[in-house]
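The values are calculated or read from the model by the stated rules, or taken from the named source; none is laboratory data. Quick caveat, the model's predicted, so the values are computed rather than measured. In this analysis, Cβ positions are derived from the backbone assuming ideal geometry, glycine residues included, and neighbour counts consider all displayed protein chains. To get the accessible areas, we keep the full protein, side chains included, count just its heavy atoms, and leave off ligands, DNA and RNA. Shrake-Rupley method; radii C 1.70, N 1.55, O 1.52, S 1.80 Å.
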Amino acid sequence: MIILGATGAGKTFLACSLGVADAVRYLRLPDLLVEIAVARRDGTYREYMKQLKKVKLLILDEWLLYPLKEAEARDVLELVEARNKVASTIFSSQYDTSEWHENLYDPTLADAICDRIIYNAYTVQIEGESMRKRMYDRVISPAAGCTMCPAAVHHLGGVRRPAWWCTHHGLGVGPAERVSVFSGQGVGRLTVRV
């Protein structure tokens, strides 16, 4: 799955909401690349890549936020190839897939990586105002006027959570923002306006 949208649109929120289960691993791409480099240096590269292949759902956030170096692009290709048609991966990016080639070092590597991701994925395009701005406008600002929650924290199931988790604020998991259209096989594109 590919989740696209501007900063603050809710890409990470949606990806993590879909990934609430066992055998899920969330990683920012910059952190993943550091972990791979450390594993390579420590001589545990193959073991680390096998671990990543076994994860049922890998969420890669901040996908291609900056251009990759050659070694990083090769590592990404190895990971994508290892997981292709074996396990699920969610790629969360600010860039449309048509712009991914620019940040994948080499056109040949870019083609190989994109071919394994784009043509086998559902794509979700999130449009709308930043969730952080909406949270500020509706919850943090005095004008929000919510009488059901404290200004910055809401207790849900004994867990302290930000107030935007409240469905009566119209944010977070409110009915207008639930997405449950992923069924069947094939490739599709969904636009979510929030």
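List of remarks:
- Enumeration of residues in the stretch 110-132 that are in a loop (DSSP other than H, G, I, E, B) and either of a type in the set (A, V, I, L, M, F, W, C) or under 24 Å from residue 10 (Cβ atoms) (or both): 120, 121, 122, 128, 129, 130
- Residue count, the stretch 68-109 (criterion: in a loop (DSSP other than H, G, I, E, B) and open to solvent by less than 20 Å² (accessible area, probe 1.4 Å)): 2
- Residue tally, condition closer than 13 Å to residue 99 by Cβ and either open to solvent by 10 Å² or more (accessible area, probe 1.4 Å) or under 17 Å from the mean Cα position of the chain (by Cα) (or both), over the stretch 110-124: 2
- Leading residue by the ranking (modelled with the highest pLDDT) among those in the stretch 1-46 that are surrounded by fewer than 16 Cβ atoms within 10 Å (Cβ to Cβ) and of a type in the set (Ser, Thr, Tyr): 44
- For the stretch 19-77, taking the residues that are more than 16 Å from residue 1 (Cβ to Cβ) and hydroxyl-bearing (Ser, Thr, Tyr), the one that is farthest from the chain's Cα centre (by Cα) is identified as 44.
- Condition check for residue 62: in contact (Cβ under 8 Å) with a residue 24 or more places away in the chain, touching a helix residue (DSSP H, G or I) at 6+ places or on another chain (Cβ under 6 Å), open to solvent by less than 90 Å² (accessible area, probe 1.4 Å) and over 17 Å from residue 15 (Cα atoms): no
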